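Rule-based calculations on the coordinates, nothing more; no lab input. Because the structure is predicted, anything quoted here is derived from the model rather than measured. Every residue, glycine as well, gets a Cβ built from its backbone with ideal geometry; the counts of neighbours run over all protein chains shown.
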Amino acid sequence: MRLILLGPPGAGKGTQARFICERYDIPQISTGDMLRAAVAMGTELGRQAQVVMDAGDLVSDDIIIGLVKERITELDCAPGFLFDGFPRTVAQAEATRDAGVDIDAVVEIAVPDDDIVQRLSGRRSHPGSGRVYHVTFNPPKVEGVDDVTGELLVHRDDDREDTIRNRLATYHSQTEVLTEFYRELEAEAGAPQLIKVDGTQSIETVRDQAQTELDKLAGSS
Ligand code: ADP
Ligand code: ADP
């Protein structure tokens, strides 16, 4: 299974990625998590990325494509993988296709802008694992603390209202077009199947609907 999760920031990609990766036993490749790890380690890439991420802009295609190409050569990606937050531009999608990386399905999680600010301003993250919670919609068992490790959760710097607005603008100008990109591809032989899910439903309903479609795909391969 080689899958892409598409949708605006806050759509629930990271949340759903957990379920999908566990069910099909594939690694989650989150470019956002990879960049945050580089920031935390203080590497040159991290220093460059932090400025861009804090502004709600996109890190350059060359850097991202390089990171992803290297990541998918690792052994754990042999049975497949799930891209979460990649591709985010047409150039990234084209580079993936041109590298001969065949994708089985693109799962689009649709959520309107009005819901996004509330989702992201209430998001709390566990930096070590990438696990996410929401203060109201998906609270941890103990307030402010990761369920698994007991470590403190953080409110990401880019999950503040003005940066959220920039990220949404970036999504509309550069990423949204990818649904059209994959819809047009669909006519070609071997193109990924498009699965669209209404992301305003509960976390469990989104999970079940995506799972039903992906199970069909897994069963037919
Ligand atoms: P979210 O899913 O909440 O939008 P991510 O964790 O996926 O956030 O990404 C955080 C930030 O990292 C983005 O706003 C962007 O600056 C950068 N980033 C992540 N993935 C990519 C990508 N594929 N291309 C360019 N920039 C990226
Ligand atoms: P993304 O990876 O697309 O940026 P996340 O999975 O991090 O999105 O979810 C963003 C926020 O919204 C998190 O706080 C998460 O707990 C919450 N969330 C995710 N899915 C739903 C849902 N279906 N209903 C309500 N809140 C949700």
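The loop-placed GluC sites (Glu not before Pro) in segment 151-221, going by DSSP, that have at most 10 neighbouring Cβ atoms within 10 Å of their Cβ come out as Glu188. Farthest toward the positive end of the dipole of segment 90-221, out of Gly199, Ser125, Val177, is the Cα of Ser125, where the dipole comes from beta carbon charges about the Cα centre. Among rounded, prolate and oblate, which fits segment 94-144 when a ≥ b ≥ c are the square roots of the eigenvalues of its C-alpha gyration tensor, a/c under 1.5 means rounded, and a/b larger than b/c means prolate? It is prolate, given that a/c is not under 1.5 and a/b is the larger ratio. Restriction of the GluC sites (Glu not before Pro) in segment 44-101 to DSSP coil positions whose beta-carbon has at most 14 other beta-carbons within 10 angstrom yields Glu74. For the chain, a Kirkwood radius taken over Cα pairs fed into Stokes-Einstein (20 °C, viscosity 1.002 mPa s) yields D = 120 µm²/s.
In units of 2.2 N^0.38 Å, what is the alpha-carbon radius of gyration of segment 45-116?
Taking N as the residue count of segment 45-116, the ratio is 1.25.
Stretched out straight at 0.36 nm per residue, the stretch from Thr43 to Glu94 would grow longer than its current Cα-Cα span by 15.6 nm. Stretching Asn138 away from Glu186 to a fully extended chain increases their span by 13.8 nm, per 0.36 nm per residue minus the current alpha-carbon distance. Cα-based values for segment 1-80, radius of gyration first and Dmax second, are 13.5, 36 Å. For the chain, set up a Gaussian network in which alpha carbons nearer than 10 Å are linked by springs, and say which option among Thr43, Thr31, Thr170 fluctuates the most. Of the options given, Thr43 has the highest mean-square fluctuation. If you wrap the Cα atoms of segment 104-221 in a convex hull and average its projected area over all directions, you get 9.0 nm². Using the Cβ-Cβ distance between Ser220 and Asp162 with R0 set to 35 Å, the FRET efficiency from 1/(1 + (r/R0)^6) comes to roughly 0.15.
Note on the chain: with charges restricted to the Cβ of Lys and Arg (+1) and Asp and Glu (-1), its dipole about the Cα centre is near 380 debye.
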